[in-house]
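Everything below concerns the one structure shown next.
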Amino acid sequence: MKARVFSGVQPSGNLHIGNYLGALKNWVEIQENYESIWGIVDLHAVTVYQEPAELRSKILETAALFLAVGIDPKQSSIVAQSAVPAHTELAWLLTCVTPVGWLERMTQYKAKSQAQETIGDGLLQYPVLMAADILIYQAAIVPVGDDQAQHLELTRDIAQRFNSLYGDTFTMPATHLPAVGARVMGLDDPEKKMSKSATGTGHAIGLLDPIDQVRKKIMRATTDSQPAVDCDTMGAGVANLLNIFQAFGGWTAEKMQAHFSGMRYGDLKKQVAEMVIAKLEPLQTRYYEIMAEPGYVSGVLNHGAERVSPIANSTVQLVKERMGLYTGA
Ligand code: AQP
């Protein structure tokens, strides 16, 4: 029997090349080796306000992007988190074994809560729901970008605490980071992680950005005051561009160094732009073909929910039994 893998993306904005290189690309590469479940984690998205009509269309858009990058719905289940109510049921049960101090220490909570006038409880509880998403499928590995590594550690802590209180129940999930592209930085500010919710127009490259915009954004990316690539002294902006090229191109570090050392920044940017465009163009073509098929994407989501619900329900049943809750006669 294949081990299970779970990971998810929030439909909270336009997916960008960081989401692709940190997560989706990895998912496609490993999907056939595992029983794969990929989530559109819409309940996470609403931890900050989402305009309802926009959220509804982003859920379908995100699912279509999963398909366009190469997730195969015959091999993998694609599921909208809110279509499987057991996620929230398990989240409550896990909340009851999670000390609040563990949640207040989370870096993402601290960063996101600073941007809110009033902090919704959901923002604090977010990592418990994420733990439920993973543990409900007894996932053995979770392929994510580097920014989620802390939440994965917390997931293991919660699982361990539950197992020690109530007996062995949950599989301990391992974090699976890509060797290159685990943290893509903003093009306008290479000290900050590329993020869907950042507002600057030159910050992120969206997977669906028009091609001329992709080129412009890369050509305007922040570098440093040196004229050409020096791998020993380069600043964060140049390192980020090289990282993006390497992650898309699959080149070795040696080949990268030999090819780019001494190259002027203008030429570096042109080559990065061509590499990114060569990958995004066919992806965008597939995306628009998929979206043109009426009912196809929602059919994939409905089928995904049907396929994974029995797994989720049986984990919740087991957890309730272990905790002594009422599960029927
Ligand atoms: N910059 C990034 N580099 C590499 N991987 C990244 N991921 C996100 N940003 C980068 C990975 O993408 C997956 C899905 O992320 P998410 O939708 O859960 O949200 P996030 O991590 O909070 O990413 P964003 O894009 O910054 O969204 P917002 O702005 O809505 O918070 C995860 O595996 C993540 O590691």
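Bear in mind that the values in this text are calculations on the coordinates, not laboratory data. Here the structure is a predicted model, which is why all the values come from computation and not from measurement. Cβ placement follows ideal geometry from the backbone for every residue including glycine, while neighbour counts extend to all protein chains displayed.
The modelled label-to-label distance for the pair residue 118/residue 74, using points 7 Å beyond Cα in the direction of Cβ, is 5.1 nm. Along the Cα-to-C-beta direction of residue 96, a point sits 7 Å from the Cα; which residues of segment 121-145 have their amide N less than 17 Å from that point? So the set is 128-129, 132, 136. Of all DSSP bridge pairs formed entirely within the chain, close to 15 percent run antiparallel. Using θ = phi - 60° in the Karplus curve 6.51 cos²θ - 1.76 cosθ + 1.60, the 3J(HN,Hα) couplings for segment 136-150 round to 5, 9, 6, 5, 7, 9, 9, x, 9, x, 4, 5, 9, 4, 5 Hz; x is entered for Gly and Pro.
Checked against a 27 Å cut-off, the cross-linked pairs 25/270; 74/196; 2/196; 196/217 give Cα-Cα distances beyond that limit for 74/196; 2/196. Computed from the Kirkwood radius of its Cα pairs, the Stokes-Einstein diffusion coefficient for segment 211-289 at 25 °C and 0.890 mPa s stands at 187 µm²/s. Separation of segment 171-244 and segment 67-87, taken as the distance between their Cα centroids, equals 28 angstrom. Amide H contacts of residue 185: 194, each under 5 Å away and 5 or more positions distant or on a separate chain (H built 1.01 Å from N in the peptide plane; Pro and chain starts excluded).
On full extension, the segment bounded by residue 105 and residue 288 gains 61.7 nm, given 0.36 nm per residue less the C-alpha separation. Starting from the Cα of residue 219, step 7 Å toward the Cβ, then list every residue of segment 247-265 with an amide N under 20 Å from that point. Answer for segment 247-265: 263-265.
Taking Lys and Arg as +1 and Asp and Glu as -1, the other residues whose beta-carbon sits under 12 Å from that of residue 41 total -1.
Ordering of 305-312, 242-249 by packing is 242-249, 305-312, highest average first (other Cβ atoms within 10 Å, averaged per residue). Here the 3J(HN,Hα) profile of segment 79-95, calculated from phi with Karplus coefficients 6.51, -1.76 and 1.60 at θ = phi - 60°, is 9, 7, 3, 6, 7, 10, x, 4, 4, 6, 5, 5, 4, 5, 5, 6, 4 Hz, Gly and Pro shown as x.
Its residue count N fixes a reference of 2.2 N^0.38 Å for the chain, and the Cα radius of gyration divided by that reference is 1.04. Residues whose amide H lies under 5 Å from that of residue 174, counting only those 5 or more places away or on a different chain, are 141, 142; hydrogens are built 1.01 Å from N in the peptide plane.
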